[in-house]
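Structure first, then comments.
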Amino acid sequence: MLIVKKFGGTSVANKERIFHVADRCIAEYQKGNDVVVVLSAMGKYTDELIKMAKDINEKPPKRELDMLLTIGEQMSVALMAMAMNQRRVPAVSLNAFQVTMHTTSDHGNARLKRIDTERIRRELENRRIVIVTGFQGVNKYDDYTTLGRGGSDTTAVALAAALHADACEIYTDVDGVYTADPRKVPGARKLKEITYDEMLDLATLGAGVLHNRSVEMAKKYGVPLVVRSSLNDSEGTVVKEVTTVERMLISGVALDTDAVRIAVIGIKDMPGMAFKVFDTLAKKKINVDVILQSIGRAGTKDISFTVNKDDLEDAVATLEENQARLGYKELHSERNIAKLSIVGAGMMSNPGVAAKMFESLYNEGVNINMISTSEIRVTVLINEKDGIRAMNAVHDAFGLTD
Ligand code: ADP
Ligand code: ASP
Ligand code: MG
């Protein structure tokens, strides 16, 4: 069997943990399996590198920032190979160049396009454990790129797909995927299984346990994923196309505190205005989420939407530059908001799920600013200060608490 194992930052944060991970991988190798290990930077090292960069230059060139960030993953793979060598087990570390991991050009948010598997195959044939840097890639200019925060999960899934691996295991600092972030909702319950679609929504809406692109890729290539703890042997959560356990009404609750709201006030009430606003943002590669348009009055209307807080400055600057062309009166932005979502395939066949969520928020005295829904999710925009309380209330209302 060929197994891809990915370990996150906490799992390789110090010498003891590095040896612990090395021993787990060695045990797999000694069963006769081919083992490919994907690692993140140690602990919070990526944050530290970003801090160092910003200390020198508040807005570092994106190319140079990627150049710096790749150090984190390179450090962990080299140390892991040394740990395995110390145990007398043959291992080799490889970075994105050596593999090669081809990505698009966007620094800081590149997409994996293709992975050359020849070098890895050769190393596996020589019975070595292959340890690969997560999170990084190489673009067509031969420059380093990174895949976005949390991107090592995506490296692992992409490698599993490219190598036709028999399993892809994501080891982290919790036992699996829970009905909500167990650090925010103490009563959250571990899920045995979850569908790709549900996991994709949860990951996109704030459940940081998996990088959302890793789930997208797992679905696309049918890679079965297991999320489990690097610290114990408990069973973990399987992410797959169709789940077999009895379906709950909702599978999880997610909270995203990285969103900010922008309101474009007093736009002319005529066809094409929404297109112009969002096209202007799209040209700057700014992702827009929950959108609300008011009913027009006196020939004008308002459009509100959310963007990631990292994009706020760019979004406001772009809209201000285009004020004359877009013809709006004012621009407002609000930072202290949170996006609370419930996700579950079960809601497709059960009316009243949204009402139940709104009722629990009403009981908690939480005001809803905006609402957005899809077949399998309901998202509300609330004040950030209400976030954790509202998340717990909704989680309770759906009977998810242990
Ligand atoms: P790693 O460094 O291993 O990639 P992350 O910090 O990226 O770890 O992801 C694991 C964290 O995700 C957990 O510590 C937990 O706080 C958070 N998390 C958020 N939502 C969930 C959820 N629904 N289930 C489990 N963990 C979650
Ligand atoms: N080290 C990177 C980060 O902190 C990638 C990852 O952990 O997946 O975002
Ligand atoms: Mg992660």
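Would you mind telling me the antiparallel percentage of the DSSP bridges in the chain, rounded to 5?
Expressed as a percentage, antiparallel bridges in the chain total about 60.
Please identify every one of the GluC sites (Glu not before Pro) in segment 159-243 that sits in a loop by DSSP and has no more than 14 other beta carbons within 10 Å of its own beta carbon.
For GluC sites (Glu not before Pro) across segment 159-243 that sit outside H, G, I, E and B with at most 14 neighbouring Cβ atoms in 10 Å, the list reads E235, E241.
Say we join alpha carbon atoms closer than 10 Å with springs in a Gaussian network model of the chain; which of N33, N367, N322 then has the biggest fluctuation?
So, out of N33, N367, N322, the one fluctuating most is N322.
Just going by the charge dipole of segment 140-280, with Lys and Arg at +1 and Asp and Glu at -1 on Cβ, which of A203, S152, Y171 is farthest out on the positive end?
In segment 140-280, that residue is A203.
What are the ³J(HN,Hα) values, in whole Hz, obtained from phi via the Karplus relation 6.51 cos²θ - 1.76 cosθ + 1.60 with θ = phi - 60°, for each residue of segment 29-43 in sequence order, with x given for Gly and Pro?
With the stated coefficients, segment 29-43 comes to 4, 6, 7, x, 7, 7, 10, 10, 10, 10, 10, 9, 5, 5, x Hz.
Using DSSP to call loops (not H, G, I, E or B), can you name the GluC sites (Glu not before Pro) in segment 48-137 whose Cβ has at most 14 other Cβ atoms within 10 angstrom?
Of the GluC sites (Glu not before Pro), the ones in loops of segment 48-137 whose Cβ has at most 14 other Cβ atoms within 10 Å are E58.
Is there a quick way to get the dipole size of the chain? I mean about its Cα centre, with the Cβ of Lys and Arg at +1 and of Asp and Glu at -1; what is the value in debye to the nearest 20?
Charge dipole, the chain, about its Cα centre: 540 debye, nearest 20.
Given the pairs K6/K219; K192/K385; K62/K190; K62/K283; K268/K385, which are separated by over 29 angstrom at their Cα positions?
Those over the limit are K192/K385; K62/K190; K268/K385.
Note down, for segment 130-200, the three equivalent ellipsoid semi-axes (square root of 5 times each alpha carbon gyration tensor eigenvalue), biggest first, whole angstrom.
28, 15, 11
Which ordering of D396, D181, D153 is given by a fewest-first count of other beta-carbon atoms within 10 Å?
With the fewest neighbours first, D396, D181, D153 line up as D396, D181, D153.
Give the relative contact order (percent, whole number) for segment 140-284; include only Cα pairs under 8 Å separated by 6+ residues.
Computed value for segment 140-284: 27 percent relative contact order.
At a threshold of 8 angstrom on Cα-Cα distance, excluding pairs fewer than six apart, so keeping six or more, what relative contact order does segment 257-402 reach in percent?
27 percent
So how many Å³ per residue does the convex hull of the Cα atoms of the chain work out to?
153 Å³
Quick check on segment 86-155: of the DSSP beta bridges with both residues there, what percent are antiparallel, nearest 5%?
The antiparallel fraction comes to roughly 55 percent.
Taking only C-alpha pairs under 8 Å that are 6+ residues apart, what is the relative contact order of the chain in percent?
13 percent
Read the figures in this text as sums done on the coordinates, not as results from a lab. Treat the numbers as computed from the prediction; the structure is a model and nothing was measured. Note: ideal-geometry Cβ built from the backbone for every residue, glycine included; neighbour counts use all protein chains shown.
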